[in-house]
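The values are calculated or read from the model by the stated rules, or taken from the named source; none is laboratory data. Just so you know, these numbers come straight off a predicted model, no measurement behind them. Reconstructed Cβ throughout: ideal geometry from the backbone, glycine too, with neighbour counts over all protein chains shown. For the accessible areas, the whole protein counts, side chains as well, though only heavy atoms, and no ligand, DNA or RNA atoms are used. Shrake-Rupley method; radii C 1.70, N 1.55, O 1.52, S 1.80 Å.
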Amino acid sequence: MGAASNKAKTVMKSLMDQIGETVRGRLAEARLNASEDETRKYILKEFAKTGKPPSEKAITEAMKLPTLESVRSLVEKLHRADILTKEGDEIVSAYPFSAKATRHKVIFRDGHEVYALCATDALGIHFMLGQDITVRSRCPECENEMKIEVKDGKVAACVPDGLVEFVSSREHCGCTAKTFCPFMNFFCSKKHLENWREKNPAYGKGEMYQLHQVLEHGKNIFGDFLK
């Protein structure tokens with residue numbers, strides 16, 4: 001019985017491992033051909049440069065696609081696969097980026113800024129692009145700003161020291177960007193997380209992660225996203 005119990009513990013996956021598998025799995029399940037995948041990467045690279053998705057016209061010209069309609073069809077395919085999200089005809093997010101303001105601002109060495117969909121995505125941007133970043137994130141409990149510097153695959157600085165990430169395990173379905181991501185946040189301390197969970201019982205069940213774990217999750221999910 002003891003051996004069986006120990007074995008069960010070793011194979012149990014964390015909530016973030018499950019979410020990571022979902023994000024990577026949807027990309028694999030989409031079965032994009034080479035041209036489609038290069039277009040996906042182009043959208044991400046433009047998001048990284050400007051904080052916004054490229055226009056349909058820009059995608060058509062950059063990827064030498066035949067018509068605007070072919071671009072619309074591909075964007076719709078990516079949307080259905082939950083690789084990006086659109087509202088109407090506009091792309092509003094593409095993991096890990098958000099065109100709308102979120103709690104998680106990512107600042108590059110040249111000073112330009114982008115928004116990440118969630119705490120894990122913010123750190124994952126470092127591994128996806130191979131660039132040093134500074135993440136400025138707001139605690140949902142007190143709204144104070146936290147600052148994380150990531151260089152060469154490691155946390156170079158962190159203020160405050162005791163910040164943690166919380167991922168709500170409330171049952172969700174559909175688009176990860178709209179369901180899970182809003183409830184994957186940094187908190188400036190365990191105490192503030194506890195206070196927030198007491199005030200928000202509907203979202204209070206979940207898992208807490210230390211910063212080095214969040215960094216590893218970001219690497220595992222996004223390290224190969226542009227390869």
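Details
- Among the conditions (1) without any contact (Cβ under 8 Å) to a residue 24 or more places away in the chain; (2) within 26 Å of E87 (Cα to Cα); (3) out of contact with any Lys or Arg (no Cβ under 9 Å at 6 or more places or on another chain), the only one that K191 does not satisfy is (2).
- Residue in segment 23-30 that is open to solvent by 50 Å² or more (accessible area, probe 1.4 Å), touching a Leu at 6+ places or on another chain (Cβ under 8 Å), without any contact (Cβ under 8 Å) to a residue 60 or more places away in the chain and assigned to a helix (DSSP H, G or I) present: no
- Scanning segment 203-227 for residues that are out of contact with any His (no Cβ under 9 Å at 6 or more places or on another chain) and open to solvent by less than 50 Å² (accessible area, probe 1.4 Å) gives G204, G206, L211, V214, H217, I221, G223, F225, L226.
- Some residue of segment 191-202 being closer than 25 Å to F47 by Cβ, among the aromatic types (F, W, Y) and surrounded by 15 or more Cβ atoms within 10 Å (Cβ to Cβ): no
- Boolean, E165 is open to solvent by less than 60 Å² (accessible area, probe 1.4 Å), over 15 Å from E21 (Cα atoms) and among the charged types (D, E, K, R): yes
- Residue in segment 207-223 that is within 17 Å of S98 (Cα to Cα) and not aromatic (F, W, Y) present: yes
- Selection of segment 32-50 for residues being of a type in the set (F, W, Y) and open to solvent by 40 Å² or more (accessible area, probe 1.4 Å) yields only Y42.
- T60 vs. criteria surrounded by fewer than 22 Cβ atoms within 10 Å (Cβ to Cβ), of a type in the set (V, I, T), at pLDDT 95 or above and over 30 Å from I148 (Cβ atoms): yes
- Per this entry, A81 is counted among residues that are out of contact with any strand residue (DSSP E or B) (no Cβ under 9 Å at 6 or more places or on another chain), over 23 Å from L193 (Cβ atoms), among the aliphatic types (A, V, I, L, M) and open to solvent by 20 Å² or more (accessible area, probe 1.4 Å).
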